[in-house]
Amino acid sequence: MWILKWIFWVIVLFIIIIFVTQNVEFLNQKFVLEFLFWETKYPLPVWVAMFLTFATGILIWLVGSIFKMLELKSEVRKANKENIALRKELNELRNIPLDEESDSIDDIEKEIL
């Protein structure tokens, strides 16, 4: 299955390379980047704007994944604590001595009659 993923991503990368090489003129066009009340002082090439957008997306993903990783580590720590408590309880139950004088069903019936 992993080989199919690699083949898929190689094909996607190949398509992107073809697209970029056929649109070199477009990527060199310049424009002023505006966002809310901020704008660039000098015109930027399209490829710089695309790179900045990509880098911003990567940073947002990084922050989100850090929070997710911390959440998962907390869950693992909680599960490990519960596992330790359950193992301790199981060992205690294993060490309980068995009573020789247990009340069997036959003994209880004899007492009732």
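So in the stretch 20-35, with the set limited to residues that are loosely packed, with under 10 Cβ neighbours inside 10 Å, of a type outside the set (D, E, K, R) and not in a strand (DSSP E or B), which one is nearest to the chain's Cα centre (by Cα)?
Among residues in the stretch 20-35 that are loosely packed, with under 10 Cβ neighbours inside 10 Å, of a type outside the set (D, E, K, R) and not in a strand (DSSP E or B), the one nearest to the chain's Cα centre (by Cα) is 21.
Does residue 4 satisfy the criteria of being of a type outside the set (S, T, N, Q) and surrounded by 10 or more Cβ atoms within 10 Å (Cβ to Cβ)?
Working: of a type outside the set (S, T, N, Q): yes; surrounded by 10 or more Cβ atoms within 10 Å (Cβ to Cβ): no.
For residue 4, the condition - of a type outside the set (S, T, N, Q) and surrounded by 10 or more Cβ atoms within 10 Å (Cβ to Cβ) - is not met.
Could you check the stretch 36-68 and list, in sequence order, the residues that are part of a strand (DSSP E or B) and surrounded by 12 or more Cβ atoms within 10 Å (Cβ to Cβ)? Write out each step before concluding.
The first filter runs over the stretch 36-68 and keeps only residues part of a strand (DSSP E or B), leaving 38-39, 44-45.
Within the stretch 36-68, 44, 45 meet the criteria.
Values in this text are rule-based calculations from the coordinates and carry no lab data. Bear in mind that the values here come from a model prediction, so they are computed numbers and not experimental data. All Cβ positions, glycine included, derive from the backbone under ideal geometry; neighbour counts span all protein chains shown.
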